[in-house]
Every structure is written in structure tokens, then in C-alpha cells.
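The values are calculated or read from the model by the stated rules, or taken from the named source; none is laboratory data. Here the structure is a predicted model, which is why all the values come from computation and not from measurement. Positions of Cβ are backbone-derived with ideal geometry, glycine not excepted, and every protein chain shown enters the neighbour counts. Side chains included, ligands, DNA and RNA excluded: accessible areas come from the protein's heavy atoms. Shrake-Rupley method; radii C 1.70, N 1.55, O 1.52, S 1.80 Å.
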Amino acid sequence: MTRLLASTALLAIATACSPADAPTPPASDSGPVLSYTDAFVMEPIGARDMTMGGLTLSVEGGDVTLLSASSPSIGTIELHTMAMTDGRMQMRQVEGFDIADGEALELKRGGNHFMMFDVGEDVVSGETIDITLNLDADGEPMTLVVEADVRAVGE
Ligand SMILES: [Cu+2]
């Protein structure tokens, strides 16, 4: 509610101060802005074609939900969380991760992570692969392409 009131007030001021022939500001410049660091994918071990990856994804200017991820180098990417089941840590697939305005989502080993299946042969240590993130921002779809470093176990 506070945000809505604030943007309405700003719009009113902007309208009042603009000369009639001023260029119209973009209507959608108030949406969330995403940034990321530490995007990575672990090189699969041996002959396996599954692995995991992660990143730290931050948002400013609104709440978002990370819904899915895909990559030309990887057949399937699932969103996984770690949860205690009968006293053991187990992976579980989730529908999405909510990220509140000003917060960051951390996907990493031992915590929430990307689970990757049918990993391509180009996913080798030292290479970089593109991962497309699909998000929802208050009903509006958003995408972000991130460059993830492929790391060998132990790096
Ligand atoms: Cu997993």
C-alpha cells in the first residue's frame, strides 16, 4: 500500500512538472531490478550426467519469485531445497523460491540449489554456460540470462 501511494504521488509530480512536449517516461521503469553473483555449475563426476549449481540472486524494487531455469547445455533444471526427513537431510523439488524486495536468494551446495539432469558434454571445468532464469514479478514474467562458471569438484 505504501509503495502504491508513493508511486502515485511521484507520477502526479512528474505529470505536473513536465512541459507538454517532454518525452513520455517509460511506463514500466518501476519494476524490480535483478542482479547476481557467484553463478556456477559443478562439472559432473565421472560418467554421470547429473549435477548441481547455484548463484546469489538479488532483487531491488519489488518482490519476485524464481519459477524455473533452463540452459541450452542442460536437459532439465529443477529447483531443489534441502529438508530434514526422519533425521536425514534430503533433497526435495520445489515450485519456486520467493525473493522479497531488497533480499537475496542464495543457491549453493548443501542448501537450496539447482538440480541438473541430462548435462551436456560442454559442461566442463573452466567453461561458462548460459542459464536463463524465469521469474514472476507481481504477475509479470521476467527473465534473466546468467553466465555460470563450470567448476570441478574441489574448486
Ligand atoms: Cu538436488
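Details
- With all protein chains modelled, accessible area of LEU34 [1.4 Å, Å²]: 30
- The 3J(HN,Hα) values that the Karplus relation (6.51, -1.76, 1.60; θ = phi - 60°) gives for the stretch 104-119 are, in residue order, 10, 9, 10, 10, 7, 5, x, x, 4, 7, 7, 9, 10, 10, 6, 6 Hz. Gly and Pro appear as x.
- Within the accessible area of the stretch 28-151 (1.4 Å probe), percent carbon and sulfur: 45
- Full-stretch length increase - THR56, ASN134 - with 0.36 nm per residue and alpha-carbon distance subtracted: 26.6 nm
- THR65, THR76, reordered so the largest accessible area comes first (probe 1.4 Å): THR76, THR65
- Pair VAL124, ASP149: separation of 7 Å Cα→Cβ label points (nm): 1.9
- Point-to-point label distance, ARG48-MET82, nm (Cα→Cβ direction, 7 Å offset): 1.4
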